[in-house]
Amino acid sequence: DKTLLIRDILDAGAKISLFTRPRRFGKTLALSMLKAFFEDERDGDGNKIDNSRYFEGKRISDCGEKYRSEQEKYPVINLTLKSAKQPNYEMAYNVLRKNIMEEFDRHSYILQGSALTETDCSRYRAIWEGNAEADDYATALAFLSRCLKKYHDSNVIILIDEYDVPLENSYFEGFYDRMIVFLRSLFESALKTNDALEFAVITGCLRISKESIFTGLNNLDVVSILRNDCAEAFGFTAQEVQGILSEYGMGSRMEEVREWYDGYLFGNTEVYNPWSIISYVNENRYKTEFFPKPYWSNTSSNSIIRELVEKADRDTRGEIEQLIAGGTIEKPVHEDITYGDIRESQDNLWNFLFFTGYLKKAGERFEEDRSYLTLAVPNREIRCIYRDTILSWFDKRIKAVDRMPFYRALLAGECDVIERELNGQLIKSISFYDAAEQFYHGFMAGMLGGLGEYRLYSNREAGDGRPDLMLTPEDWREPVMIFELKKADKFTQLEAGCEAALAQIEERHYDAEYKEEGYERFIKYGICFCGKACRVKAVMESAE
């Protein structure tokens, strides 16, 4: 029950409110609720639709006549921009144009009767049917507001959902400036110079005071994740999550859910990712075994994570490693960060990650009139997104590297060359030291992949166990390569780690199966890692 958001908006009295929250935290549902409460909704014939049933027994119904008197009182324009994710401006503009046309269709009942002039009706139909000029669509919300006011004799409420999706998409697709021009006209005409406007509520990930689409807009109240007001209106509180789990017989899973999906702090309120909670409950409610997943990672392109990783210098790579390992970093906070600012500095990129939900606030301090946030990865779900993105980046980067010197050294057993190649790539990589063995295994698999005439096997049953990695040749006369990996806590232990790895290969007879098949040559590698360094030792054998 998030209906107290209605009370809070009315009490605040802001002409335009912008709620910035990460994707999938209930912004669209919140605007649907506001629309259902405030709208004097009509069907195609102009008959009133009663939506009061949605609010019976809800908390807003107990707040008094001051709020009930606002119910179903205003015409409402409800526009979502979340579908504007096309690869070029023309396609994105057409999607936005169709969204506007649909809203004109929803209100087409106002063409009945005599409220509008013939000129208004003609322009209305042109926009509605898709025959109007581009400048008509750029000012369509302001025009629709005036038409609705004439029909209802009441000011209009405007709700705009995910205002910044077209901006984010156009930023990454390369037509940001063109999209800015269209949105500036659309929003300014509707929100800055619109005498028919009662109030507006906008949602998005970032604030817009510097976005240049609202130049000179002074009546904008930005309710960001740093503010305490309306903190519970988006996302689930711990009490709400416990109630959901208990409802579906999953109350004992609260600790697992907290580890995976908690960690967000809106103002001073602890908040869970609602999309992930609902997905988790829906997928596991009929199962005896529960498997948490990174559901949120499937709702976004995660382009900003890729940009951070791909452009990371040595210091930034160290900070990413620190975050993934469960640590924190401190950065100055710029609450008015915009898409156009992202590439101006690395600090801007960190701020963007914070406001879009990829980092959380773990602390805050003020120094010389400036705010500094201590940032951390919110939970295991987001940590998975970082790992998957980094592994994909590493695979892409390795494929672009000339690995022929490395491959030639492998076939010749030249340990010093192999060490040099591996150490060079380790220094440029981003490591997961809270799961070091898994990282080193993935690192080596990436380095070994793509060796022509060889097949790579990972943890395949062989002899009396499973070697970490094996390269088997298509030609039985070429050497089989067996790799056993170890991790050391100190650099002084690297040599001993290699020896232990080689001993394990022998003790568990990892080569037995291949000897029986007739392979004649073997190169057995013991590799030990410590931080971003490794030691390599090899034994070359021929079958007896």
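The values are calculated or read from the model by the stated rules, or taken from the named source; none is laboratory data. Keep in mind that what you see is a predicted model, and the values were worked out from it rather than measured. Note: ideal-geometry Cβ built from the backbone for every residue, glycine included; neighbour counts use all protein chains shown. To get the accessible areas, we keep the full protein, side chains included, count just its heavy atoms, and leave off ligands, DNA and RNA. Shrake-Rupley method; radii C 1.70, N 1.55, O 1.52, S 1.80 Å.
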>> What's the total number of residues in segment 200-250 that are at pLDDT 90 or above, open to solvent by less than 10 Å² (accessible area, probe 1.4 Å), within 29 Å of Leu148 (Cβ to Cβ) and among the aliphatic types (A, V, I, L, M)?
In response: 4
> Which pairs have Cβ atoms under 9 Å, sit 6 or more apart or on different chains, and link a residue in segment 82-97 that is among the β-branched types (Val, Ile, Thr) to one that is part of a loop (DSSP other than H, G, I, E, B)?
Replying inline: Val95/Leu81; Val95/Ser83; Val95/Ala84; Val95/Lys85; Val95/Gln86
> Somewhere in segment 160-170, is a residue outside any loop (DSSP other than H, G, I, E, B), modelled with pLDDT of 95 or more and closer than 30 Å to Ile127 by Cβ?
Replying inline: yes
> Given (1) open to solvent by less than 70 Å² (accessible area, probe 1.4 Å); (2) more than 28 Å from Arg23 (Cα to Cα), where does Asp347 come up short, assuming only one miss?
Replying inline: (2)
> Restricting to segment 479-494, what's the tally of residues that are in contact with a helix residue (DSSP H, G or I) (Cβ under 8 Å, 6 or more places away or on another chain) and outside any strand (DSSP E or B)?
Replying inline: 2
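In segment 84-109, what count of residues is obtained for those that are part of a loop (DSSP other than H, G, I, E, B) and in contact with an Asp or Glu (Cβ under 9 Å, 6 or more places away or on another chain)?
Of the residues in segment 84-109, the ones part of a loop (DSSP other than H, G, I, E, B) are 84-88, 107.
Among the residues that remain, those that are also in contact with an Asp or Glu (Cβ under 9 Å, 6 or more places away or on another chain) are: 84-88.
Result for segment 84-109: 5.
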>> Looking for something modelled with pLDDT of 90 or more, within 21 Å of Glu437 (Cβ to Cβ) and either touching a Gly at 6+ places or on another chain (Cβ under 9 Å) or open to solvent by 30 Å² or more (accessible area, probe 1.4 Å) (or both) - is there at least one such residue anywhere in segment 372-379?
In response: yes
>> What's the number of the only condition in (1) surrounded by 14 or more Cβ atoms within 10 Å (Cβ to Cβ); (2) of a type outside the set (S, T, N, Q); (3) modelled with pLDDT of 90 or more that Leu451 fails to meet?
In response: (3)
>> Among the residues of segment 110-142, what is the count of those that are outside any helix (DSSP H, G or I), surrounded by 14 or more Cβ atoms within 10 Å (Cβ to Cβ) and under 40 Å from the mean Cα position of the chain (by Cα)?
In response: 2
>> Filter segment 496-538 down to the residues that are open to solvent by 20 Å² or more (accessible area, probe 1.4 Å), at pLDDT 95 or above and touching a helix residue (DSSP H, G or I) at 6+ places or on another chain (Cβ under 6 Å) and list them by number.
In response: Arg535, Lys537, Ala538
> Got at least one residue in segment 467-474 being over 21 Å from Leu451 (Cβ atoms) and of a type in the set (Val, Ile, Thr)?
Replying inline: no
> Looking at Ser17, is it closer than 26 Å to Ile100 by Cα, of a type in the set (Gly, Ala, Ser) and surrounded by 13 or more Cβ atoms within 10 Å (Cβ to Cβ)?
Replying inline: yes
> Out of the residues in segment 1-45 that are among the acidic types (Asp, Glu) and in a helix (DSSP H, G or I), which is nearest to Tyr295 (Cα to Cα)?
Replying inline: Asp8
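Tell me, yes or no, whether segment 38-58 has at least one residue that is among the aromatic types (Phe, Trp, Tyr), open to solvent by 20 Å² or more (accessible area, probe 1.4 Å) and without any contact (Cβ under 8 Å) to a residue 60 or more places away in the chain.
Looking through segment 38-58, at least one residue is among the aromatic types (Phe, Trp, Tyr), open to solvent by 20 Å² or more (accessible area, probe 1.4 Å) and without any contact (Cβ under 8 Å) to a residue 60 or more places away in the chain.
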> Within the set of pairs 6+ apart or on separate chains, which have a first residue in segment 263-277 that is closer than 15 Å to Lys293 by Cα, a second that is aromatic (Phe, Trp, Tyr) and open to solvent by 10 Å² or more (accessible area, probe 1.4 Å), and C-beta atoms under 6 Å apart?
Replying inline: Tyr272/Phe236; Pro274/Phe236; Ser276/Tyr295; Ile277/Phe236
> Residues of segment 468-477 being more than 17 Å from Val539 (Cβ to Cβ) and surrounded by 15 or more Cβ atoms within 10 Å (Cβ to Cβ), which ones?
Replying inline: Thr472, Pro473
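Kindly indicate which of Gly452, Gly497 is of a type outside the set (A, V, I, L, M) and in a helix (DSSP H, G or I).
After applying the criteria, what remains is Gly497.
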>> When the residues of segment 398-434 are narrowed to those that are part of a helix (DSSP H, G or I) and charged (D, E, K, R), which ends up surrounded by the most Cβ atoms within 10 Å (Cβ to Cβ)?
In response: Glu421
> Of all the residues that make up segment 163-199, how many are within 16 Å of Val76 (Cα to Cα) and open to solvent by 60 Å² or more (accessible area, probe 1.4 Å)?
Replying inline: 2
> Based on what the data block shows, is Lys490 of a type in the set (D, E, K, R), buried (at least 16 other Cβ atoms within 10 Å of the Cβ) and modelled with pLDDT of 90 or more?
Replying inline: no
